[in-house]
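What follows is a short report on a single structure.
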Amino acid sequence: MGRHANIAIFVPHLGCPRQCSFCEQRTITGQVREPGPEDVLSAADTAARSLKDCSEAEIAFFGGSFTAIDRRYMLSLLEAAKLAVERYGFKGVRCSTRPDAIDGEVLDILKEHRVTAVELGAQSMDDGVLTANRRGHTAGDTVKAAGLIRRAGLELGLQMMTGLYTDTDEKALETARELIALGPVTARVYPTIVLPGTELCRLYNEGLYRPQELGEAVELCAKLLELFEGAGVSVIRMGLHPGQELEERMVAGPYHQAFRQLVESRRFLKRLLAGLGEPGEYRVAVNPRDISTALGQGKENLRRLKAEGYAVTFIQDESVPRSGVKVSSTFLKVAGVLGAEPPRRRRP
């Protein structure tokens, strides 16, 4: 089986009936020009030439509210995508859209054109947060749309944001729980970034909105990652895609090029601490491919462990499974530190 890949086609801010408080699609996607059918076919052809296995690749329409754009334009893109799927043997097509832009007719059209997955930009399941950020839909709309997608036999993906105006960590964690209850296969988590020209930027400049600090976002997202993956939901994106324009134009917020790695490292640290005994010296064996996660960005985990009284030496060991760890002072074994329920900490 080949590695999953997305052939991303960005449809910048088309179809959106609202201007959400945080949204400036040009900066987020780095694109202004509307793609046409020829762009879809060109991207598919390029991908097919470079991929060893097309059967795990999907053509993905992102960036706007795909099912709310002009119907003729949407159909032209879908026709090109369907042709590419049939020509190159791609897995299918996925798209992202708003919860209030899904109904039975739209889903029938999507299925006819080889769409296999629909991602909903839920952002929050708190109606107060949705209203404050000018989303224009309710949590109930997300529940309804998710049900329609699943009953249509399509894969459901859900997207949420953290650090929105009037949001709190507790509301974000509750949003994750409510999204999990809708039965998604995938999830994406995006910490809120303040972009110029947005309502959020005005609120920030007036001192009415405080964005998350990077450390706060990492801490919260480590908990969210644990919730989603603990429920069997694959988190396929955490943090905005890095890009030069985003980095140059962003005003404030918890942006980092390697945000997902920061989150993974924080989760590793939490689970490792839960598996260690009393403070002291330990040798911790991890798979070589997990060593950067174990050490943390700039060896942050080593510093945090030292502050807790642990002198830890990480050893690379091919025999340790991915996302696993072997801890020894007295050869205590702790399995699944990254990917399973953490063992209870042996402390009084």
Every residue from segment 101-125 that is free of Cβ contacts under 8 Å to residues at least 60 places away in the same chain, farther than 20 Å from Ala181 by Cα and not charged (D, E, K, R): Gly104, Val106, Leu107, Ile109, Leu110, His113, Val115, Thr116
Any hit, segment 301-313, residues being open to solvent by 10 Å² or more (accessible area, probe 1.4 Å), free of Cβ contacts under 8 Å to residues at least 40 places away in the same chain, in contact with a Ser or Thr (Cβ under 8 Å, 6 or more places away or on another chain) and not basic (Lys, Arg): no
Residue in segment 271-280 that is touching a Leu at 6+ places or on another chain (Cβ under 9 Å) and either closer than 24 Å to Leu182 by Cβ or open to solvent by 20 Å² or more (accessible area, probe 1.4 Å) (or both) present: yes
One residue from Leu227, Leu214 being in contact with a Pro (Cβ under 9 Å, 6 or more places away or on another chain) and either modelled with pLDDT of 95 or more or surrounded by fewer than 17 Cβ atoms within 10 Å (Cβ to Cβ) (or both): Leu214
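For every residue, the table says whether it meets (1) at positive phi; (2) among the charged types (D, E, K, R); (3) at pLDDT 90 or above.
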residue	(1), (2), (3)
Leu272	no, no, yes
Gly277	no, no, no
Tyr282	no, no, yes
Ile291	no, no, yes
Lys306	no, yes, yes
Ala311	no, no, yes
Ser329	no, no, no
Ala335	no, no, no
Leu338	no, no, no
Only listed residue being at pLDDT 95 or above and over 22 Å from His137 (Cα atoms), chosen from Ala5, Ala81: Ala81
Residue identified as surrounded by 23 or more Cβ atoms within 10 Å (Cβ to Cβ), in contact with a helix residue (DSSP H, G or I) (Cβ under 7 Å, 6 or more places away or on another chain) and farther than 25 Å from Thr175 by Cβ among Ala122, Ala145, Ala84: Ala84
Which numbered condition His256 fails, given (1) open to solvent by less than 70 Å² (accessible area, probe 1.4 Å); (2) of a type outside the set (S, T, N, Q); (3) within 30 Å of Thr198 (Cα to Cα); (4) assigned to a helix (DSSP H, G or I): (4)
Matching option when the condition is under 26 Å from His4 (Cβ atoms), among the hydroxyl-bearing types (Ser, Thr, Tyr) and loosely packed, with under 15 Cβ neighbours inside 10 Å, among Ser96, Ser50: Ser50
Among the candidates Arg188, Arg210, Arg177, Arg202, residue that is basic (Lys, Arg), out of contact with any helix residue (DSSP H, G or I) (no Cβ under 6 Å at 6 or more places or on another chain) and part of a loop (DSSP other than H, G, I, E, B): Arg210
Elements of type strands (runs of 3 or more DSSP E) in segment 51-170, at least 2 residues being among the small types (Gly, Ala, Ser) and farther than 22 Å from Leu200 by Cβ: 57-62
Candidate set: segment 213-250, residues that are free of Cβ contacts under 8 Å to residues at least 60 places away in the same chain, farther than 17 Å from Gln159 by Cα and outside any helix (DSSP H, G or I); chosen: the one nearest to the chain's Cα centre (by Cα): Pro242
Verdict on Val263 being crowded, with 16+ Cβ neighbours inside 10 Å, part of a strand (DSSP E or B) and either at pLDDT 90 or above or within 22 Å of the chain's Cα centre (by Cα) (or both): no
Residue within segment 66-74 that is touching a Lys or Arg at 6+ places or on another chain (Cβ under 8 Å), at pLDDT below 95 and surrounded by fewer than 20 Cβ atoms within 10 Å (Cβ to Cβ) present: yes
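The values are calculated or read from the model by the stated rules, or taken from the named source; none is laboratory data. Note that this is a predicted model, so its numbers are computed, not measured. Note: ideal-geometry Cβ built from the backbone for every residue, glycine included; neighbour counts use all protein chains shown. The protein model used for the area step is the full one, side chains on, heavy atoms only, and it has no ligands, DNA or RNA in it. Shrake-Rupley method; radii C 1.70, N 1.55, O 1.52, S 1.80 Å.
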